[in-house]
Amino acid sequence: MYKILEKKELAMNEIMYKIHAPHIAKKVQPGQFVIMRAFENGERIPLTPVTWDREEGWITLITFIRGRTTLRMNMELNEGDYILNIAGPLGNPAPMKKFGKILAVGLITGIVEVFPIARAWQELGNEVITLHVSPNPMVLLREEFESAVSKHIVEGFDLKEGWGMDEITQELVKRGVKKVKELIEEEKPDFVFTVGPAGGQKMIFNIVKEYGIPMESDLHPIMVDGTGMCGACRVHVGGEVKFACIDGPGFDAYKVDWDELIHRSGFYSDKEKLALEVYLKNLQAQGGAQ
Amino acid sequence: MMARKLIRERIPTPEQDPKERIFNFNEVNLGYTFELAQKEAERCLQCPYDYAPCIKGCPVHIDIPGFIKKLREYREDPDKAVKEALRIIWACNTLPATTGRVCPQEDQCEMNCVMGKVGDKINIGKLERFVADYAREKGIDDELLSEIVPKIERKSQKVAIIGAGPAGLTAVGELAKMGYKVTIFEALHEAGGVLMYGIPEFRLPKAVVKKELETLRRLGVEIKTDHIVGRTVTLEELLEEYDAVFIGSGAGTPRFINAPGVNLNGIYSANEFLTRVNLMRAYKFPEYETPVKVGKKAIVIGAGNTAMDAARTARRLGAEVIVAYRRGEEDVSAREEEVEHAKEEGVKFEFFLNPVEFIGDENGRVKAVRFEKMKPLEERDSRGKRKIVGTGEYVTLEADTVVIAIGKTANKLIASTPGLEVNKGVIKVDENLMTSIEGVFAGGDAIRGEATVILAMGDGRKAAKAIHEYLTKKREEQESA
């Protein structure tokens, strides 16, 4: 049981939880993640610690409210409440070396995962440029980035009425691709790093590839245990089956089978939608009874 | 005194009707009542302790004639009978409700039962299960614990156990009874290992496992979940804090088939499929939030116990199920009872089929599996199974769900500890189960690759003894120094 020390809405639908989890805080390195289970009947979901304090024993996690678990966390968990399980740190730390000039890109909430890695790269002597592509209401961590890296760029756009996740993603990809191309031309980075939805990462990779710049991407396939036990998160990398949880999450973007990753990431979308609808219905029923 | 009359036939245990049980996850075998258990106990010939083949066949050496005798002795007082029987079982095994259900008794305790020469062998597994179940239902286990716990002589030495599966839990039970301060480090959110994530509810109800874990807690054992050794804490760090360590981390990594299309949607490792359904209760989705997708036609590849569990699970989730095995029926490694149960539930078997390609639809979901037909040779391999060769003929079977149950390899997180010698992915141990690092012991699938629950438990018990000897020596050395 891990106590929520602080909860804060950083931007629209972006919720930060500061959690007492000394076993994670003591060990976590930039690039590693945790698996969290918030409720007794809940799923295990991977999340990335954004900041931590090894002495005080806390970590922060940021969730983007999208499905049942993240919505339910926001509805039911507040400061002083407990999260049932947080296991980790899992996965391999991001490669900590001198690349020179780095362009690190985060699509929507992907940016939170970029933060600890970009900061560490900068501290190591790299020149780090970070790019956050996001709808304007969901822009977050702007000041934190500005004080941590050489240059932080926000490519924001307004949400239009009636837009769903599909339209947002389309706009995200369009903007992301355009901006990355511009930045490659202007800044000539030695290395590109991305975090975000697989479809967006693939499109950015297609641009980067044209310039032949080395690129690494953190992958987020569906996971269950996160310890290499189940293989749900497997993806072909360089023709071999790799598990994102124990072999990743960072992989050479040139070797990733992006289409396979995109297919696998969407396998449960109908079930996810159903779970959310059932939860919303229950909420409505409860509201009606009050 | 009148000579005891031989009862040649086994007293059967009631089972759920196959027609009903394929629509639920409730336990298939309903177990003995006290009356039935007594009748079965009456059949036992009561071989002397030094001779009894059942004790010799049991990896944890339970005094089987002894506990059966108690069931007969107190025929008028079922509670007393069960309490005394449980006392005897617990001396060697603190997880009897589990082993009574999942041990392959026909290859172990029951294999050389003398009754087998004149009739049916004694149903030892179901009797063990009866004792554990009756005790749990009547609170007799708690009563017995209250007697045992205060008598334990507490020792100051500390032991860390990595992995809360069958090997670890058995070692823990033994060490806790000896009075050591024991802490278990478990990666998942629930202890139990394969008993929780792998073996289905209809074969081993999770409430049963949880109660056995409760027994261990009452013996003073601390269970730390969410701790991945190798990540959250390293073996080296454990050695700084603990006097000995036991690694029972299991065979944590599933093997996939190196064939095109293996990553199509709808293709699961048995571990993923069973973890979703058992540990995460996906069969209760959306009440439980983890989903699982099973279509109309499922193919399970492999023919071990895990394959049977996957096949029967898929059946209950509404699929027509085919078990496809590259060898013949005689080489099926699953227990006979499991195969029978699967057949009763409508699972079909196809032999001499080796998967060569998984074929997907336009959305990236599997729609068929292409197999090469195999044929057996006279020659046998090192495990005694007949060798097979391809025929060059192929067959394609439709499937929207595929479960790959061809085995697992050891968890690499711990195996990569510096100084820990490993051979082909499994941890190397000496005859006392000590690894290449002093004070670090290992057992179960972590040293065997992939075996059974009870072999892992046998290792746990053996390692506990070795750890006890090691720590006793260490303590004596320190005291004389």
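Quick notes on this structure:
- Test: residue in segment B:176-189 that is touching a helix residue (DSSP H, G or I) at 6+ places or on another chain (Cβ under 6 Å), charged (D, E, K, R) and modelled with pLDDT under 95: no
- Complete set of residues in segment B:101-136 that are part of a loop (DSSP other than H, G, I, E, B) and over 21 Å from the mean Cα position of the chain (by Cα): B:N112, B:C113, B:V118, B:G119, B:D120, B:K121, B:I122
- Residue within segment A:106-125 that is in a strand (DSSP E or B) and closer than 29 Å to A:H20 by Cβ present: yes
- Qualifying residue in segment A:23-37 (condition: surrounded by 22 or more Cβ atoms within 10 Å (Cβ to Cβ) and more than 13 Å from A:P89 (Cα to Cα)): yes
- Within segment B:85-107, the set of residues being surrounded by fewer than 21 Cβ atoms within 10 Å (Cβ to Cβ) and under 19 Å from B:G173 (Cβ atoms) comprises B:R87, B:I88, B:A91.
- Residue match in segment B:459-481 (condition: in contact (Cβ under 8 Å) with a residue 60 or more places away in the chain, under 30 Å from B:A319 (Cβ atoms) and either buried (at least 17 other Cβ atoms within 10 Å of the Cβ) or of a type in the set (A, V, I, L, M) (or both)): no
- Meets criteria (surrounded by fewer than 24 Cβ atoms within 10 Å (Cβ to Cβ), of a type in the set (D, E) and more than 20 Å from the chain's Cα centre (by Cα)) for B:E190: no
- Of the strands (runs of 3 or more DSSP E) lying entirely inside segment B:237-331, those carrying at least 1 residues that are surrounded by fewer than 22 Cβ atoms within 10 Å (Cβ to Cβ) and either modelled with pLDDT of 95 or more or out of contact with any helix residue (DSSP H, G or I) (no Cβ under 8 Å at 6 or more places or on another chain) (or both) are B:297-301, B:320-324.
- From B:I223, B:I247, B:I228, residue being more than 14 Å from every other protein chain (Cβ to nearest Cβ), of a type in the set (V, I, T) and either more than 16 Å from the chain's Cα centre (by Cα) or closer than 25 Å to B:G304 by Cα (or both): B:I247
Let's see how each residue does on (1) modelled with pLDDT of 95 or more; (2) surrounded by fewer than 18 Cβ atoms within 10 Å (Cβ to Cβ); (3) under 17 Å from B:D141 (Cβ atoms); (4) not hydroxyl-bearing (S, T, Y):
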{"position": "B:I55", "(1), (2), (3), (4)": "yes, no, no, yes"}
{"position": "B:C58", "(1), (2), (3), (4)": "no, no, no, yes"}
{"position": "B:I64", "(1), (2), (3), (4)": "yes, no, no, yes"}
{"position": "B:K70", "(1), (2), (3), (4)": "yes, no, yes, yes"}
{"position": "B:R75", "(1), (2), (3), (4)": "no, yes, no, yes"}
{"position": "B:K83", "(1), (2), (3), (4)": "yes, no, yes, yes"}
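- Residue within segment B:192-213 that is farther than 25 Å from B:E450 by Cβ and either in a loop (DSSP other than H, G, I, E, B) or touching a helix residue (DSSP H, G or I) at 6+ places or on another chain (Cβ under 8 Å) (or both) present: yes
- Tally of residues being surrounded by 18 or more Cβ atoms within 10 Å (Cβ to Cβ) and either of a type in the set (V, I, T) or within 30 Å of B:E345 (Cβ to Cβ) (or both) across segment B:30-53: 6
- For the residues B:E340, B:E362, the requirement of being surrounded by fewer than 16 Cβ atoms within 10 Å (Cβ to Cβ) and either within 14 Å of chain A (Cβ to nearest Cβ) or among the hydrophobic types (A, V, I, L, M, F, W, C) (or both) singles out B:E362.
- Matching residues in segment B:300-331 - criterion: being more than 17 Å from the chain's Cα centre (by Cα), within 14 Å of B:G407 (Cβ to Cβ) and of a type in the set (A, V, I, L, M, F, W, C): B:V300, B:I301
- One residue from A:R66, A:R72 being at pLDDT below 95 and assigned to a loop (DSSP other than H, G, I, E, B): A:R66
- In segment A:128-170, the residue that is surrounded by the most Cβ atoms within 10 Å (Cβ to Cβ) out of those that are acidic (D, E) and in contact with a helix residue (DSSP H, G or I) (Cβ under 9 Å, 6 or more places away or on another chain) is A:E155.
- Selection status of B:K387, surrounded by fewer than 18 Cβ atoms within 10 Å (Cβ to Cβ), at pLDDT below 95 and either closer than 29 Å to B:E20 by Cα or basic (K, R) (or both): yes
- Residue selected from segment A:55-104 under the condition within 24 Å of B:P291 (Cβ to Cβ) and charged (D, E, K, R), by the criterion nearest to the other protein chains (Cβ to nearest Cβ): A:R68
- Of the residues making up segment B:426-481, those that are assigned to a loop (DSSP other than H, G, I, E, B), out of contact with any strand residue (DSSP E or B) (no Cβ under 9 Å at 6 or more places or on another chain) and closer than 25 Å to B:L204 by Cα are B:A451, B:T452.
- Residue within segment B:178-186 that is over 27 Å from B:G425 (Cβ atoms), in a helix (DSSP H, G or I), in contact with a Leu (Cβ under 6 Å, 6 or more places away or on another chain) and more than 14 Å from every other protein chain (Cβ to nearest Cβ) present: no
The values are calculated or read from the model by the stated rules, or taken from the named source; none is laboratory data. All of these numbers come straight from a predicted model, not from anything done at the bench. Every residue, glycine as well, gets a Cβ built from its backbone with ideal geometry; the counts of neighbours run over all protein chains shown.
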